[in-house]
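Since the structure comes first, as structure tokens, the remarks are kept for the end.
The values are calculated or read from the model by the stated rules, or taken from the named source; none is laboratory data. As the structure is a prediction and not an experimental result, all values here were calculated from the model. A quick note on method: Cβ atoms are made from the backbone with ideal geometry, for glycine too, and the neighbour counts reach across all protein chains shown.
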Amino acid sequence: MHRVSPKRTIVWRSACKAGRRPVRKSCSEPKAGNSKVRRDLLVQCSDENSLQLLSLTSDSQKLRTKSGLPVRSFGLGGNRNVWQSKEIVSKAWKAGINYFFCYSLNEHEIGDYLEGLRNLCSKNRDDVYLTAGTMDFSPSGIQMHFSRCLDRFETSYLDCFFLEYVEPGEVDSALEGLAYLEKLKQQGLARNVGCTVHDRTVGMELVQSGRIDLLMARYNMAHTKAEEALFPAAVRHDVPIVAFTSTRWNTLQNGHEDWSEDLPEVGTCMSFALAPKAVQVVLNSTRTEAELTQLVLKAGKMEECEIAKWRKYGCLVYNAKSTFEMM
């Protein structure tokens, strides 16, 4: 059976701690000795203006396509109940994106995104970093979903396969599932394995286990506590972070009554999420060409004065009385 974790509704009440990053006097001032090194590449935009866009790439050897290309730091996520067309995949590819995540294999939940990935892989498979996962941690469940992925995308391997949404009390089950995934990795069916978490303590256990290559973790302007312990541990153990919910389920764009400045756009949210050294890829389930163009135009390296600005905004959002579901 496909294991679906129960949803838990929580109310955020605790205060958001201020970050420790220094604030520059000017956004135009260069910072010497930046420890986060990435290669800057110029790519052609797919929109009608054909603008040149600055694209960042991961510096981790675990985030390389089979052909050896570095993964771009902004990836396209195929999320459940976010309908995406197959055209968005090809447009993302033309805009320089080569990391793709697929949450579901059900067309009624995800749209033509699956067919778009299949078409892309049929022509450029070894240059694409294709990832998927399952919430069923049993060997039989993993094998079933893994095989479905290979069949659906008509490929002989996946670049990373995730055990999704590991919750407190499930680490042992996840480790058993990872032991089975290691066999698939040894057979060349999975190039890397990883887990997805919302809970930072669970993420820490998995990072320290030495059993995962990548960790998908929630991180955004309003949820920054992963910086305190999880991200430093990920760097120490060489486990790149793939950040998701960078827009906090699109609520960061809604504003706050005590915030009078401009609101963050999708690209701004993604740039903020990419700022920590541990974070190597940031995902967004872009649905339209307009959203994709805005993302690519706005996303990039963020100056530390901007990071400080959006951190203040995130604290306001975090401290507001709001209720939302968390897996």
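Are any of the residues in the stretch 151-162 β-branched (Val, Ile, Thr), surrounded by 24 or more Cβ atoms within 10 Å (Cβ to Cβ) and touching a residue at least 24 places away in the same chain (Cβ under 8 Å)?
No: the stretch 151-162 contains no residue that is β-branched (Val, Ile, Thr), surrounded by 24 or more Cβ atoms within 10 Å (Cβ to Cβ) and touching a residue at least 24 places away in the same chain (Cβ under 8 Å).
So if I check each of Val202, Val207, Val193, which one is at pLDDT 95 or above, out of contact with any His (no Cβ under 9 Å at 6 or more places or on another chain) and under 30 Å from Tyr318 (Cβ atoms)?
Checking each option against the conditions leaves just Val202.
Go through the stretch 102-147 and give me each residue that's hydrophobic (A, V, I, L, M, F, W, C), within 21 Å of Ser73 (Cβ to Cβ) and at pLDDT below 95.
Once the filter is applied, which keeps residues that are hydrophobic (A, V, I, L, M, F, W, C), within 21 Å of Ser73 (Cβ to Cβ) and at pLDDT below 95, the stretch 102-147 yields only Cys102.
Could you tell me which residue of the stretch 203-225 is nearest to the chain's Cα centre (by Cα), considering only residues that are among the hydroxyl-bearing types (Ser, Thr, Tyr) and crowded, with 21+ Cβ neighbours inside 10 Å?
Checking each candidate, the answer is Tyr219.
Please find, among Glu228, Glu265, Glu261, the residue that is surrounded by fewer than 24 Cβ atoms within 10 Å (Cβ to Cβ), under 24 Å from Phe101 (Cα atoms) and in contact with a helix residue (DSSP H, G or I) (Cβ under 9 Å, 6 or more places away or on another chain).
Glu265
Before we move on, is Gly188 more than 17 Å from the chain's Cα centre (by Cα), under 27 Å from Thr155 (Cα atoms), outside any loop (DSSP other than H, G, I, E, B) and in contact (Cβ under 8 Å) with a residue 12 or more places away in the chain?
In short, no.
Among the candidates Leu178, Leu158, Leu150, which residue alone is among the aliphatic types (A, V, I, L, M), over 21 Å from the mean Cα position of the chain (by Cα) and at pLDDT 95 or above?
Leu150
Select the strands (runs of 3 or more DSSP E) contained entirely in the stretch 215-327, then report the ones holding at least 1 residues which are in contact with a Leu (Cβ under 7 Å, 6 or more places away or on another chain), of a type in the set (S, T, N, Q) and modelled with pLDDT of 85 or more.
279-284
Which of the residues spanning the stretch 63-81 are crowded, with 18+ Cβ neighbours inside 10 Å and part of a loop (DSSP other than H, G, I, E, B)?
Leu63, Thr65, Val71, Ser73, Asn79
Before we move on, is Gly177 surrounded by fewer than 20 Cβ atoms within 10 Å (Cβ to Cβ) and farther than 22 Å from Thr286 by Cβ?
So Gly177 fails the test.
Does the stretch 233-258 hold any residues that are in contact with a strand residue (DSSP E or B) (Cβ under 8 Å, 6 or more places away or on another chain) and of a type outside the set (Val, Ile, Thr), and which are they?
The first filter runs over the stretch 233-258 and keeps only residues in contact with a strand residue (DSSP E or B) (Cβ under 8 Å, 6 or more places away or on another chain), leaving 234, 239-249, 251-252.
Those that are in contact with a strand residue (DSSP E or B) (Cβ under 8 Å, 6 or more places away or on another chain) and of a type outside the set (Val, Ile, Thr): Ala234, Pro240, Ala243, Phe244, Ser246, Arg248, Trp249, Leu252.
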